[in-house]
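Asker: Here it is, the structure, as structure tokens.
The values are calculated or read from the model by the stated rules, or taken from the named source; none is laboratory data. The shown structure was predicted, so the numbers you read here are calculated from the model rather than taken from an experiment. Here the Cβ is made from the backbone with ideal geometry for all residues, glycine too, and neighbour counts use every protein chain on show. Keep in mind that these areas ignore ligands, DNA and RNA; they rest on the heavy atoms of the full protein, side chains included. Shrake-Rupley method; radii C 1.70, N 1.55, O 1.52, S 1.80 Å.
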Amino acid sequence: MAERDIEQRIAVYRPSDDEERDDDDSLQDPEMVIKHPLQNSWAMWFFKNDKGRDWKDNLRVITTFDTVEDFWGLYNHTLPASKLQTGCDYSVFKAGIQPMWEDAQNKKGGRWLINLNKSQRQTHLDDFWLETLLCLIGEGFDEHSDDICGATVNIRTKGDKLGLWTRDATKIEATKKIGQKLKESLNVPAKIVIGFQAHSDTAGKAGSTVKNRFVV
């Protein structure tokens, strides 16, 4: 299936409440259900910061999905990012990739990072997160979609963060084009700069001390 077709189907097919009720009824007859496959399988993860447990023990998979309908079913039945408790994260990554720097498919890469202040949690966060997910699962980065690993949203006291993770930080041209596409898709104003940080620079350092390798 062409990448553009996938992206358009995801954008067009957003079920209304009535359609969701119809879907629930149709689940009784498997032959009535026709689903639209995504190009990749994805896993959604949830992190809750329990200081009494190891970091990895606080991270768990919610579910996996590989169709447009299953994505919307998941999205419409999970708490919006803006309603999560401070210290919690959502992550959506290609199946087989864990949302951590140490994963073999992440460790040479990095992330485009959008920082939001506390007031933007109610005005921008949920829309930014949804649009990022649609770009993600709809292969919206064109020929560079294979370089995408996943995305995260971090809810924090001082301000929330949205990150798009890539596979190889040394691919300069591809990385910049991914950042430009993300900024365009989220309608981030041109005067607002978003930066790319390599995981190798970020590991073991406080976020404020990490320099951006690229900005768009």
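Asker: Which members of segment 181-195 meet the condition of being open to solvent by 80 Å² or more (accessible area, probe 1.4 Å), within 16 Å of residue 128 (Cβ to Cβ) and of a type outside the set (A, V, I, L, M, F, W, C)?
Answerer: Those that are open to solvent by 80 Å² or more (accessible area, probe 1.4 Å), within 16 Å of residue 128 (Cβ to Cβ) and of a type outside the set (A, V, I, L, M, F, W, C): 184, 187.
Asker: Would you mind stating whether residue 211 is in contact with a Lys or Arg (Cβ under 9 Å, 6 or more places away or on another chain), open to solvent by 80 Å² or more (accessible area, probe 1.4 Å) and within 27 Å of residue 86 (Cβ to Cβ)? Give the derivation first.
Answerer: Values: in contact with a Lys or Arg (Cβ under 9 Å, 6 or more places away or on another chain): no; open to solvent by 80 Å² or more (accessible area, probe 1.4 Å): yes; within 27 Å of residue 86 (Cβ to Cβ): yes.
So residue 211 fails the test.
Asker: Here is a list: 133, 125. Which entry is under 17 Å from residue 93 (Cα atoms), at pLDDT 95 or above and open to solvent by less than 50 Å² (accessible area, probe 1.4 Å)?
Answerer: None of the other options fit; the residue is 133.
Asker: Any idea which residue in segment 144-164 is farthest from residue 104 (Cα to Cα), counting only those that are among the acidic types (Asp, Glu) and surrounded by fewer than 19 Cβ atoms within 10 Å (Cβ to Cβ)?
Answerer: Kept after step one, since they are among the acidic types (Asp, Glu), are these residues of segment 144-164: 146-147, 160.
Now drop any that are not surrounded by fewer than 19 Cβ atoms within 10 Å (Cβ to Cβ), which leaves 146-147.
Numbers: 146: 15, 147: 14 Å.
Checking each candidate, the answer is 146.
Asker: On to the next question. Of all residues in segment 44-93, how many are of a type outside the set (A, V, I, L, M, F, W, C) and touching an Asp or Glu at 6+ places or on another chain (Cβ under 6 Å)?
Answerer: First, pick out the residues of segment 44-93 that are of a type outside the set (A, V, I, L, M, F, W, C): 48-54, 56-58, 60, 63-64, 66-67, 69-70, 73, 75-78, 80, 82-83, 85-87, 89-91.
From what is left, the residues that are touching an Asp or Glu at 6+ places or on another chain (Cβ under 6 Å) are 58, 80, 82.
Residues in segment 44-93 being of a type outside the set (A, V, I, L, M, F, W, C) and touching an Asp or Glu at 6+ places or on another chain (Cβ under 6 Å): 3 in total.
Asker: Kindly state which strands (runs of 3 or more DSSP E) lie completely within segment 145-216 and contain at least 3 residues that are of a type outside the set (S, T, N, Q) and farther than 13 Å from residue 114 by Cβ. Please lay out each step first, then the result.
Answerer: Working: elements: 148-154, 160-166, 195-198.
In segment 145-216, 148-154 are the strands (runs of 3 or more DSSP E) which contain 3 or more residues that are of a type outside the set (S, T, N, Q) and farther than 13 Å from residue 114 by Cβ.
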